1. Once the dipole of the stretch 77-136 is set up with Lys and Arg at +1 and Asp and Glu at -1 on Cβ about the Cα centre, which of 95, 110, 134 lies farthest towards its positive end?
2. Sort 92, 109 by accessible area with a 1.4 Å probe, largest first.
3. Points 7 angstrom from Cα along the Cβ direction at residue 30 and residue 126: gap in nanometres?
4. Given a 1.4 angstrom probe, I'd like the percentage of the accessible area of the stretch 63-144 that is carbon and sulfur, rounded to a whole number.
5. Add +1 for every Lys or Arg and -1 for every Asp or Glu among the other residues with Cβ under 9 Å from the Cβ of residue 29, and state the total.
6. Using the C-alpha atoms of the stretch 62-116, what convex hull volume per residue, in cubic angstrom, is computed?
7. Rounded to the nearest 10 Å², what accessible area does residue 70 have for a 1.4 Å probe in the complete protein model?
8. I need the P(r) histogram for the stretch 33-144: all alpha carbon pairs, bin width 5 Å from 0 out to the longest distance, whole percents.
Amino acid sequence: NQAYKIIYPSQSAQQVVTQADTGSFIMIKDLAELQQAVAVANQQGKSVMVDLYADWCIACKEFEHYTFNTPQVQKALDNTVLIQIDMTEFDSPKNAELEQYYQVLGLPSILFFNVEGDELVKQRITGFMDADAFAKHVNTILKK
């Protein structure tokens with residue numbers, strides 16, 4: 001499924017968000033695609049979490065292995081569309097645009113968007129967070 005998304009990235013945001021219902025991350029390539037996916041998620045009453053990661057980032061891999069796949073984190077994110085953006089080529093034009101638009105200071109950076117499509121800037125995470133702390137953070141900011 002991930003390979004399909006990489007090979008055929010022209011899927012509409014609607015299809016992408018539908019695939020996200022499985023609880024797995026969807027891959028987004030640029031700012032416009034991200035904004036479209038956030039809008040579609042919001043239309044469905046869902047919040048959005050964006051994981052900006054890079055292949056060279058150790059803490060990014062720790063998030064994947066020790067945090068995102070735990071039951072308490074998955075439960076906290078049950079009404080949230082999970083998006084990943086590969087920032088491995090940090091200076092590529094698409095990544096530079098994202099970096100500047102969201103003022104990304106380092107990786108990993110986890111961005112949260114509420115159901116109105118607003119980024120919860122003060123609740124952004126930069127750096128590793130274990131599963132219990134992350135689940136508590138998500139429950140505090142995304143659950144009403």
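The values are calculated or read from the model by the stated rules, or taken from the named source; none is laboratory data. For clarity, every value in this text was computed on a predicted model and none was experimentally measured. Cβ atoms come from the backbone with ideal geometry, glycine included; neighbour counts cover every protein chain shown. We work out accessible area using only protein heavy atoms, side chains counted, and drop any ligands, DNA or RNA first. Shrake-Rupley method; radii C 1.70, N 1.55, O 1.52, S 1.80 Å.
1. Final value for the positive-end residue is 134.
2. Heavy-atom accessible area, descending, gives 92, 109.
3. Placing both labels 7 Å along Cα→Cβ, they lie 2.6 nm apart.
4. Of the solvent-accessible surface of the stretch 63-144, carbon and sulfur hold 49 percent.
5. After counting each charged neighbour, the total is -2.
6. In the stretch 62-116, the Cα hull volume divided by residue count equals 97 Å³.
7. Solvent-accessible area, nearest 10 Å²: 20 Å².
8. 2, 12, 23, 25, 21, 13, 3, 0
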